1. Just one of ILE66, ILE26 is at pLDDT below 90, under 18 Å from VAL123 (Cβ atoms) and among the hydrophobic types (A, V, I, L, M, F, W, C); which is it?
2. Considering only strands (runs of 3 or more DSSP E) fully contained in segment 69-112, which possess at least 2 residues that are touching a Leu at 6+ places or on another chain (Cβ under 8 Å), buried (at least 19 other Cβ atoms within 10 Å of the Cβ) and hydrophobic (A, V, I, L, M, F, W, C)?
3. Give segment 45-66 a look and list any residue that's under 13 Å from the mean Cα position of the chain (by Cα) and open to solvent by less than 20 Å² (accessible area, probe 1.4 Å), or say none.
4. Suppose the filter is over 13 Å from the mean Cα position of the chain (by Cα) and either open to solvent by 10 Å² or more (accessible area, probe 1.4 Å) or over 18 Å from LYS23 (Cβ atoms) (or both); does GLU117 pass it?
Amino acid sequence: MVHSSFLCLQQGHNPHFGQSLAKIVIIMYIERLREYCLSLPHVLESFPFDETTLVFKVGGKIFALIGLEHSPGYICLKCDPDEAIRLREHYSAVEAAYHMNKTHWNGITLGRDMPLEEVKRWVKHSYDLVYSRLSKQARQALIDNTTTQ
């Protein structure tokens with residue numbers, strides 16, 4: 001049995017219900033993206049710029065930034081230049097990232113036409129690009145640091 005107050009909300013008796021639900025979904029997206037980023041090897045998170053921009057790095061290099069106060073939710077990811085253009089043409093959620101090199105960085109507005117699993121695929125693409133460009137010495141240091149802990 002569904003609670004009657006929920007039915008009233010569902011039927012549009014509360015104009016803020018849809019907005020509140022959308023915010024909850026975006027918070028869930030952000031948390032799932034955070035968990036995914038941290039599940040990748042050698043990833044660290046920090047707030048190097050301000051208290052509202054969550055940054056993910058591998059080997060000291062940024063591969064993802066999440067704006068925590070951006071509404072509705074926004075993630076910046078490094079991207080192959082040709083793929084960056086293709087994604088911008090295919091998804092309305094994707095644009096050249098704010099304050100980043102527009103050739104190599106895309107910004108994705110969460111909750112639009114790019115499903116979360118697709119966003120996660122591009123997080124992995126960003127991670128792989130950054131990790132692959134680390135020097136052999138830097139990659140070995142990450143591996144050595146992991147094995148000594």
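The values are calculated or read from the model by the stated rules, or taken from the named source; none is laboratory data. This one's a predicted model, so the numbers in the text were calculated from it and none came from an experiment. Don't worry about glycine lacking a Cβ; one is built from the backbone with ideal geometry, like all the others, and counts go over all protein chains shown. Remember, those area values only see protein heavy atoms, side chains included, never the ligands or the DNA or RNA. Shrake-Rupley method; radii C 1.70, N 1.55, O 1.52, S 1.80 Å.
1. None of the others qualify; the one that does is ILE26.
2. Working: elements: 74-78, 94-96, 105-109.
Answer list for segment 69-112: 74-78, 105-109.
3. Listed by number, the residues that qualify are LEU54, VAL55, PHE56, PHE63, ALA64, LEU65, ILE66.
4. no
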